[in-house]
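The values are calculated or read from the model by the stated rules, or taken from the named source; none is laboratory data. Note that the coordinates shown come from a computational prediction; the quantities given were computed from them, not determined experimentally. Virtual Cβ from ideal backbone geometry, glycine too; neighbours counted across all protein chains shown.
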Amino acid sequence: MLGIGHVHLKVSNLKRAEDFYKKLGFKVRERFGNYIFMTLGKKHHDLALQEIPNAEIPDENSTGLYHFAIEIKDLKELATVYFNLRKQNINISAIDHGISKALYLSDPDGNRIEIYLDTRHLRKKWGGFSKLIKVDELKKFR
């Protein structure tokens with residue numbers, strides 16, 4: 001196996017989901033019926049969105065996808081993404097897990113997203129470590 005090829009999400013409003021994911025840097029590659037295929041640049045699509053009108057948001061205690069993750073290249077990009085999303089009034093939290101520095105947010109349908117920088121060169125195992133990253137720490141990398 002080569003890895004995970006893409007994420008396919010069901011959404012209740014395709015236009016609203018498209019607008020949201022464009023804010024994260026995705027671009028539309030193809031549209032077909034109630035589907036939109038979006039890319040971060042290299043593949044045909046990294047994200048497939050399928051509209052299910054009036055779909056219900058699953059209960060938080062239901063099984064299913066907890067989040068999908070998007071890896072970024074460095075702390076400068078992490079800080080840039082954080083401040084760009086805040087500027088667009090997207091609720092976001094920043095967490096240092098020791099093995100990664102991550103931003104967590106949800107799309108309009110409650111699908112959770114992690115945007116992260118892998119820092120396992122600094123710490124090999126997670127071991128339950130998690131602490132909030134202060135905004136001042138992120139400002140240093142802008």
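Structural remarks
- Qualifying residue in segment 100-116 (condition: among the acidic types (Asp, Glu) and within 22 Å of Lys134 (Cβ to Cβ)): yes
- Consider segment 1-31 and keep the residues that are assigned to a loop (DSSP other than H, G, I, E, B) and loosely packed, with under 13 Cβ neighbours inside 10 Å. The one that is modelled with the lowest pLDDT is Leu2.
- Failed criterion for Lys76 (all others in (1) under 30 Å from Glu137 (Cα atoms); (2) not small (Gly, Ala, Ser); (3) not assigned by TED's automatic domain parsing to the domain that holds Ile113 hold): (3)
- The C-beta contact set for segment 30-52 (first residue under 15 Å from Leu9 (Cα atoms), second residue of a type in the set (Asp, Glu) and part of a loop (DSSP other than H, G, I, E, B), distance under 6 angstrom, 6+ apart or interchain) comprises Thr39/Asp46.
- Of all residues making up segment 96-142, the number that are touching a residue at least 60 places away in the same chain (Cβ under 8 Å) and under 23 Å from Thr63 (Cα atoms): 6
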